[in-house]
Amino acid sequence: MSQKYFFAAAVALGALLMSLPKMQSQATQQTPAQTSKKQPSDKHRPQPSDNEGQRIFDGQCARCHTAPDGFSPRITNAIVRHMRVRANLSATDEKAILRFMNP
Amino acid sequence: MSRFSSLNSYWKGRTLGLLAALAVSSISFAGAQNVPAISGGVAFLTSTNGGNTTYTPLIEPLLAAPIGKHILIESRAAILETFSPDSTGYNHTHFAGLTYLQGDYIASPHLTIVGGSFLLPFGTYNERLSPVWIGNFQDGPLIASLGLLSTGTGVGGMLRGSAISRRKYSIDYATWFSARSGNEQFNSERSFGGRASLYLQDSRLEVGLSYDRSLQGTQENFYGTHVWWEPKDTAFRLRSEFARGHHAQGYWIEADYRTQAFGGLNSWVGRFEPLFRMQQTFRRDTIISDGLPLVNTQRADFGLDYNLPHNTRILTSYSRQFSSSNNTNIWETGIVYRFLFPAWKGKSQ
């Protein structure tokens, strides 16, 4: 195949890939931080900050990689501090994500 | 360019000992919730270029150890074997080295001070996509070496953080200075640089600019820009970078997608991840100092990854590369496992 046709085909394929998400209807159900051993204190969490934590988690934590399948809550602090530095998260975002992951 | 060409230092027992000491010291400083995390990727990769197949088993372990309320020590190593064919059969090389080792001090909501050997924040590939468990393609982009000043790491200091963070947008920055270092473990060029990006959270659009300058030998400037778009509620990602150096320039643009239309991301169909990457490099003159191809090159990469349960991924791709010197096909396959666990056992709280 000549180079010209090859690239025409490649670009067409790329365009097709890009149009795919528009055909998408469902929302991503990335349950974040399925921390394997969640503490049972969930019910005391105030609702509004909960949603805020979810919103920030969704907006920040899937930017560079997929969420891990699950991890021990003992390393949440290490992970979130690491990601705060790597992703230049704000202090507020860091707190909200910590609360969201380890209520 | 392979992801390893920037690693040119050798593993030393000393450094391991230092890391262990750092990890242990974080126990005495803080409560149970400051347990260090050990993470990273293990992979077995194959690459067939012009009929020759290279096999690479590799492990990239990472340690992230928080100390007290403001400090984090982080480091990543790479240990790999490469088996490649030669006239006598198979030739085998070994590499082990620390990729980076840095201390981060979170000084204020807007400022983190980093010291040590750190990944250069030029563009996005080096800091974000180079870990083996993150990259969608096994191979880094052709322009990956532009702006990375031979080694991809700096030895010195960096200031970084979130400059502005609002509900709808945020701006972040990173700026650094590196000394020249000929240390076996941490090699770097005397240089400085920085990156700034704007992120629009609602549209999930990020745009950034990078700059750096080598301050040794013939001083050269590098400029970069990146655009990432990952529309909300989709598993579609479009990432791109352009970089320009003194002697060459180029770009890559990568799209990847997982469908949720057949029972969600974790259905057997949803686990497929088709990928496409387009790349071009252009020489501005014939001085070869930047690791880019010697002649103008175009390359299309087609990939199909499969995301297995339990943090395991299969990567496959076919690439066709065109240049005036020759056209080649590159086939790559790999299996990657991502691990993540606390540095030691213990109870919660």
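The values are calculated or read from the model by the stated rules, or taken from the named source; none is laboratory data. This structure is a prediction, so every number in the text was calculated from the model and none was measured. Here the Cβ positions follow ideal geometry from the backbone for every residue, glycine too, while neighbour counts run over all protein chains shown. With ligands, DNA and RNA removed, areas are computed over all heavy atoms of the protein, side chains included. Shrake-Rupley method; radii C 1.70, N 1.55, O 1.52, S 1.80 Å.
Using a cutoff of 8 angstrom between alpha carbon atoms and counting only pairs six or more residues apart, the relative contact order for region B:3-342 works out to 15 percent. Compare the Cα positions of B:Ile253, B:Asn52, B:Val35 along the charge dipole of region B:3-342 (+1 at Cβ of Lys, Arg; -1 at Cβ of Asp, Glu; about the Cα centre) and return the one farthest towards the positive end. Value: B:Val35.
Compute the convex hull volume of the Cα atoms of region B:52-150, divide it by the residue count, and report the result per residue in Å³ as a whole number.
Convex hull of Cα atoms, per residue: 131 Å³.
For the pair region B:86-131 and region B:203-241, the centres of their Cα atoms are 17 angstrom apart. Accessible area of B:Tyr251 (1.4 Å probe, protein heavy atoms only, ligands and nucleic acids ignored): about 70 Å².
Using θ = phi - 60° in the Karplus curve 6.51 cos²θ - 1.76 cosθ + 1.60, the 3J(HN,Hα) couplings for region B:118-134 round to 10, 5, 6, x, 10, x, 10, 4, 4, 7, 10, 10, 6, x, 4, 7, 9 Hz; x is entered for Gly and Pro. With a Förster radius of 60 Å applied to the C-beta separation of B:Ile164 and B:Ile288, the computed FRET efficiency comes to 0.90. Pairing chains B and A buries close to 5300 square angstrom of accessible surface in total, based on protein heavy atoms and a 1.4 angstrom probe. Relative intensity of chain B on a log10 scale, I(q)/I(0) at q = 0.06, 0.10 Å⁻¹, equals -0.23, -0.66, per a Debye sum over C-alpha point scatterers of equal strength in the absence of solvent.
The phi torsions of region B:201-218, fed into the Karplus equation with coefficients 6.51, -1.76 and 1.60 and a -60° offset, translate into couplings of 5, 5, 8, 6, 10, 10, 10, x, 10, 10, 8, 8, 9, 7, 10, 10, x, 6 Hz, rounded to whole numbers, with Gly and Pro shown as x.
For region B:173-276, the share of alpha carbon pairs falling in successive 5 Å distance bins from zero is 3, 11, 15, 14, 15, 12, 10, 9, 6, 4, 1, 0 percent. The calculated FRET efficiency for the pair B:Ser87 and B:Ile314, based on their C-beta separation and a Förster distance of 35 Å, comes to about 0.60. Could you tell me the calculated FRET efficiency between A:Gln54 and A:Ala91, based on Cβ-Cβ distance and R0 = 25 angstrom, to the nearest 0.05? E(calc), rounded to 0.05, equals 0.85.
The amide H of B:Leu292, built 1.01 Å from its N in the peptide plane, has no neighbour under 5 Å, considering only residues 5 or more places off or on other chains.
Note on A:Arg63 and B:Ser323: their simple-model spin labels are 3.4 nm apart, each label 7 Å out from Cα toward Cβ. The modelled label-to-label distance between B:Phe339 and B:Leu205, using points 7 Å beyond Cα along the C-beta direction, is 4.2 nm. Shown for region B:3-342: the carbon plus sulfur share of the solvent-accessible area, taken with all protein chains present and a 1.4 angstrom probe, equals 63%. Across region B:106-113, computed HN-Hα scalar couplings (Karplus, 6.51 cos²θ - 1.76 cosθ + 1.60, θ = phi - 60°) run 7, 7, 7, x, 10, 9, 10, 9 Hz from first to last residue, x flagging Gly and Pro. Here's how it looks for B:Phe122: its modeled amide H is under 5 Å from those of B:Glu127, which are all 5 or more places away or on a different chain. Between B:Ile67 and B:Leu72, B:Ile73, the built amide H atoms are under 5 Å apart, and every one of these is 5 or more places off in sequence or on another chain. Over chain B, DSSP H runs of length four or greater, each weighted -39,500 (n - 2.57), average out per residue to a 222 nm ellipticity of -1500 deg cm²/dmol. Average accessible surface for region B:239-349: 47 Å² per residue, computed with a 1.4 Å probe over protein heavy atoms with every protein chain in place.
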